[in-house]
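S.K.: Attaching a single structure in structure tokens format; questions to follow.
The values are calculated or read from the model by the stated rules, or taken from the named source; none is laboratory data. Bear in mind that the values here come from a model prediction, so they are computed numbers and not experimental data. Cβ: placed from backbone, ideal geometry, glycine included. Neighbour counts: every protein chain shown. Just the protein is used for accessible areas: all its heavy atoms, side chains included, with ligands, DNA and RNA removed. Shrake-Rupley method; radii C 1.70, N 1.55, O 1.52, S 1.80 Å.
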Amino acid sequence: MENSRLLFAFDKKSMKGAFYVPFFMWGVALLGILFYASMEKDYYNHFIIVQGIFLPFCCWHLVYRYSELLVHGAEDTLFPYYRKWFFYDIARYGILYSLLLIVLLLIIGIKGGAAVFDSITLTHLPVLLLFYLFGGLALLFTMRSVELTLAIIFIYTVIEVVTLGTSGLPWPHIFIFLPPLPEDPEMTKKFTFLLLITVSMAMYVAKKVRLF
């Protein structure tokens, strides 16, 4: 607990105002859920709000934290330190984002009741969280630019949400925009593909951090 407090304090000091951006977007998602009235015909829009507004920012803190490795001449000095705390960084931010996600889902449940939840959505959202968590780092290590990394992530997300995943690009389509049907093979394909991409990105990031 003491390590977590110190590391969060260090991140707040190094990121300054940027540290609070994901929490601001979580608040925007919360307001969207609270004030979006309909829970009967189009209740799934509440889950789209979670997917399109909050989850993309789950990459934010780690992208900024590990961007320090890209500073010229800093990698050799800082690399052993970041490798030592890598799993801890993933765990503490993964847990933090998961708790924030659970709060949003509880609000949706209070508004619409347990009937609005389905097993596919409840499995899809945590995997999507991990997709952005590792996807941000994977892009950062590939592009070696915070600005370009975040631009790609958020342009992709905006286009995906605006087009409701119906356009050829961007690809892959990882969001769910309609209540999923368990018997729909497309849902199984989408979830399996998303899971494979997430695992692949996690392995790529681990390799870059030289964990194996």
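S.K.: Please go through region 135-144 and pick out each residue that is open to solvent by 30 Å² or more (accessible area, probe 1.4 Å) and in contact with a Leu (Cβ under 9 Å, 6 or more places away or on another chain).
M.R.: Correct list: 139, 144.
S.K.: Identify, by number, the condition in (1) loosely packed, with under 12 Cβ neighbours inside 10 Å; (2) touching a residue at least 40 places away in the same chain (Cβ under 8 Å) that residue 195 doesn't meet.
M.R.: Only one criterion in (1) loosely packed, with under 12 Cβ neighbours inside 10 Å; (2) touching a residue at least 40 places away in the same chain (Cβ under 8 Å) is unmet by residue 195, namely (1).
S.K.: For region 165-184, how many residues are of a type outside the set (S, T, N, Q), open to solvent by 80 Å² or more (accessible area, probe 1.4 Å) and at pLDDT below 80?
M.R.: The qualifying residues number 5.
S.K.: Another one. Scanning region 12-26 for residues that are closer than 24 Å to residue 126 by Cα and not hydrophobic (A, V, I, L, M, F, W, C), which turns out least open to solvent (accessible area, probe 1.4 Å)?
M.R.: Only one residue tops the list, namely 22.
S.K.: Then there's this: Residue 79 - would you say it is more than 23 Å from residue 6 (Cβ to Cβ), in a helix (DSSP H, G or I) and either in contact with a helix residue (DSSP H, G or I) (Cβ under 8 Å, 6 or more places away or on another chain) or at pLDDT 95 or above (or both)?
M.R.: no
S.K.: Something else: Pairs only if they're at least six apart or on different chains, beta carbon under 7 angstrom, first in region 91-117 and modelled with pLDDT under 95, second open to solvent by 30 Å² or more (accessible area, probe 1.4 Å) and among the aromatic types (Phe, Trp, Tyr); list them, first residue then second.
M.R.: 109/117; 112/43; 116/43
S.K.: Please verify whether region 27-47 includes one or more residues that are at pLDDT 90 or above, surrounded by fewer than 18 Cβ atoms within 10 Å (Cβ to Cβ), closer than 17 Å to residue 99 by Cβ and not polar (S, T, N, Q).
M.R.: yes
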